[in-house]
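The values are calculated or read from the model by the stated rules, or taken from the named source; none is laboratory data. Source: prediction; values computed, not measured. Virtual Cβ from ideal backbone geometry, glycine too; neighbours counted across all protein chains shown. When the accessible area is computed, the model is the full protein with side chains, heavy atoms only, and any ligands, DNA or RNA have been set aside. Shrake-Rupley method; radii C 1.70, N 1.55, O 1.52, S 1.80 Å.
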Amino acid sequence: MPEHKNTLKKPTLNRFNSGVCSILLSLTIFSPAIFAQESLSLNNAISLTLKQHPDLKSFMFKKEAAAGMLEQARIASPMTVNLDFEDMMGNGVYSGIDGMQTTLSISWLLEGDIIESKVGVANVKLDEYALNKEIKALDVAAETAKIFITILSQKEQLILAKLARNNAKDVFNEISIRVKAGKLNVIDELRAKADLSKKELIVEDLIHEILASKSQLAAQWQGNSDFDITGSLLNIPTAEQLEVAIKRLKSNPRLKTFAYKNRIADAEIALAKASQKPAWSINTGIKRNEAVDDFAFTAGISIPFGGENRNRGQIIALQAKKNQAIADSDASFQRMSTQLLLLTHKLKHNSHVVEGLSNETIPALEAANLKAEEAYKKGRYRYIDWYSVQQDLLMTQSELINAYTNIQIFNIELERLTGSSISM
């Protein structure tokens, strides 16, 4: 009967898992029979996502809106043209229009400080747009990476399922021959046939799951799923890489948003202070006196009284808003630090799982499977017992794939949390 063979040469990994991995399948080589489309790497998938993801396209219009508000902030209040008539249509000396005095003047507000403050607010909000786009890009890149890793895992499970199906087919064929020769009971043949049927269903289900996941991945850039993916689940972050990631936590764009909220609050406070004093009004013009046939230049200034503290409540509210942003920033940093700590523990745990399964569990089950096969051939071991050993081996190999997959998923989340780029 065919035996389970180890097809993977385990590469040297980090301090979390070492040794030779005994596993039924290769985690780095995919069967060319699965798909024959154009290959797509994780970096390619992320690049397509960042260029064409629907949620990122809307930021182009948000940028235009922010730029428009900046342009609007630079516009001053319009000048006013005044035309005044005096000493006309009265009785006596001013009974006609010969004694009329006409004044044509232009007035404007002295609001340079207010305009400067408005521009300051608009500039910060324009910068905040870029930061929000960076945060969204990081999220969609992480989502793309997780879908990509899911497909890698499903393909590995498919390789394992196909190998298990082929082994089950070989076992069934050999048992059938021995049953016809009268050396085995037909019950063993029926059980082997049922097992082969289940293995066929598993292969079919995984093929459908891969197609569905590929469609989900292609939806990230609104493309089609006519591609194959290339990559490896074996890349595991080292302890040193984890320490570097932890140190980069403060560079997370989400924490930077609180700094921008502070900047916006400061700019709005400056605007509130600048606008709480009413702007002075300057006017200048020409006056015409019909009675003496004379022209004269005029000039004036209007100074509003009071109102120096009219924005006091707004300033207090903005200062409180700024203090709230500082408190929220501290709380978010503590929350992210806790999440980062949990992720590092999960990464280390799954790395230990990989090491234990690769170096101890799977080699022991492979040896048990070989001995069970030999004993069954000699008639000293029941088929059901040998079948149980085979299933334990297959289940453990599947657990190894899951452990590698978990490491990749946790690593993606760690990169998203620390603001790192998502890549293999």
Looking at segment 397-406, is at least one residue crowded, with 18+ Cβ neighbours inside 10 Å and touching a Phe, Trp or Tyr at 6+ places or on another chain (Cβ under 6 Å)?
no
Suppose we filter segment 61-84 for residues that are assigned to a helix (DSSP H, G or I) and touching a Lys or Arg at 6+ places or on another chain (Cβ under 9 Å); how many remain?
7
Got a number for residues in segment 74-107 being at pLDDT below 70 and open to solvent by less than 80 Å² (accessible area, probe 1.4 Å)?
7
Answer yes or no as to whether ASN309 is at negative phi and not in a helix (DSSP H, G or I).
yes
For GLU174, work out the one condition from (1) at pLDDT below 90; (2) touching an Asp or Glu at 6+ places or on another chain (Cβ under 7 Å); (3) closer than 19 Å to LEU393 by Cβ it doesn't fulfil.
(2)
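Taking VAL140, is it modelled with pLDDT under 85, open to solvent by less than 20 Å² (accessible area, probe 1.4 Å) and under 30 Å from ALA66 (Cβ atoms)?
no
Specify which of the listed residues (ILE315, ILE362, ILE286) is surrounded by fewer than 16 Cβ atoms within 10 Å (Cβ to Cβ) and either touching a helix residue (DSSP H, G or I) at 6+ places or on another chain (Cβ under 9 Å) or not charged (D, E, K, R) (or both).
Working: ILE315 fails: surrounded by fewer than 16 Cβ atoms within 10 Å (Cβ to Cβ); ILE362 fails: surrounded by fewer than 16 Cβ atoms within 10 Å (Cβ to Cβ).
Unique residue meeting the criteria: ILE286.
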Looking at segment 289-301, can you tell me whether even one residue there is hydrophobic (A, V, I, L, M, F, W, C), in contact with a Phe, Trp or Tyr (Cβ under 7 Å, 6 or more places away or on another chain), open to solvent by 40 Å² or more (accessible area, probe 1.4 Å) and over 26 Å from THR49 (Cβ atoms)?
yes
Being out of contact with any strand residue (DSSP E or B) (no Cβ under 6 Å at 6 or more places or on another chain), within 29 Å of LYS51 (Cα to Cα) and surrounded by 20 or more Cβ atoms within 10 Å (Cβ to Cβ): is that true of LEU158 here?
no
Of all residues in segment 375-388, count the ones that are in a helix (DSSP H, G or I) and either among the small types (Gly, Ala, Ser) or surrounded by fewer than 21 Cβ atoms within 10 Å (Cβ to Cβ) (or both).
7
